[in-house]
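Report on the following structure.
The values are calculated or read from the model by the stated rules, or taken from the named source; none is laboratory data. Everything numeric in this text was worked out from a predicted model, so none of it was measured. Every residue, glycine as well, gets a Cβ built from its backbone with ideal geometry; the counts of neighbours run over all protein chains shown. Surface areas here come from the heavy atoms of the whole protein model, side chains and all, with no ligands, DNA or RNA. Shrake-Rupley method; radii C 1.70, N 1.55, O 1.52, S 1.80 Å.
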Amino acid sequence: MIYWQIFLAFFIPGILGYGGGPALIPLVENEVVDRYGWYTVSEFSEVLALGNALPGPIATKMAGYIGYHQAGVLGAAVGVFAVVAPSLILMLALLGFLMKHKESPKVKRMTVFIRPVVGVLLAGMTFDFFATSYEGIGLVQTLVIAVISFFLMEKFRLHPAYVIAVALVYGAVCLG
């Protein structure tokens, strides 16, 4: 029963909370403080402060923490799944709709316009990563990691997950 309660405590705010994590906070508070009584307002504010102090989306951090606190690791998994489930369901429905109408001229035209936008967004993200890396470890180390990563993926066809792991080991050994 506790897993169902954890699921509902985060699924309902996930559906109703338009605007991302900050919009979910009062809805989650209503569920975990008023409806289920798992926390007092003071305890919830401490969970919120902890969630704000850590990197990443606040809704998933809070769902994981509260779920873990109530029902262990499985409770954390249920909480995180419940908070992302509404978006996941909508994305799958949208993907199903697009796949059903993929031959439509309107859908084809839409994808033609979206591809360059995605490319520009990825280029901007790449530039931000390089700028942050340059500020953190310097130009030489940034170029070494970039060049080695490029060759591992392009020349040796190594999966990007392995390249990331190699870069993490390099950073821990050589830069840590």
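For this structure, a couple of remarks:
- Segment 6-45 - percent of accessible surface contributed by carbon and sulfur, probe 1.4 Å: 61 percent
- Straight-distance crosslink candidates among lysines, where the alpha carbon sits under 18 Å from LYS108 and sequence neighbours closer than 8 are dropped: LYS100
- Only helices enter the 222 nm calculation for the chain: every DSSP H run of n ≥ 4 contributes -39,500 (n - 2.57), and dividing by all residues gives -27500 deg cm²/dmol, rounded to 500.
- Using the 1.4 Å probe convention, the accessible area of segment 81-176 works out to 81 Å² per residue with neighbouring protein chains retained.
- Each label was represented as a point 7 Å from its Cα along the Cα-to-Cβ direction; for SER45 and TRP4 these points are 3.5 nm apart.
- Sparsely packed loop sites in segment 92-176 (the chymotrypsin sites (Phe, Trp or Tyr not before Pro) outside DSSP H, G, I, E and B with at most 13 other Cβ atoms within 10 Å) comprise PHE156.
- With a Förster radius of 30 Å applied to the beta-carbon distance between CYS174 and ARG115, the computed FRET efficiency rounds to 0.20.
- Column: log10 I(q)/I(0), Debye, Cα scatterers of segment 27-170, q = 0.21 Å⁻¹: -1.13
- Our analysis of segment 109-176 gives Rg over Rh at 1.08, with the two radii drawn from alpha carbon positions and Rh computed by the Kirkwood formula.
- Multiplying the residue separation of MET99 and PHE129 by 0.36 nm and subtracting their alpha-carbon distance yields 7.5 nm.
- Note: relative contact order over the chain, using C-alpha pairs below 8 Å and six or more positions apart, is 17 percent.
- For the chain, leaving out every one of the trypsin sites (Lys or Arg not before Pro) that falls in a DSSP loop and has at most 16 other Cβ atoms within 10 Å, the longest unbroken run is 1-101.
- Comparing Cα centroids, segment 68-106 and segment 137-165 end up 32 angstrom apart.
- Bins of 10 Å from zero: percent of alpha-carbon pairs in segment 65-110: 27, 27, 21, 14, 11, 0
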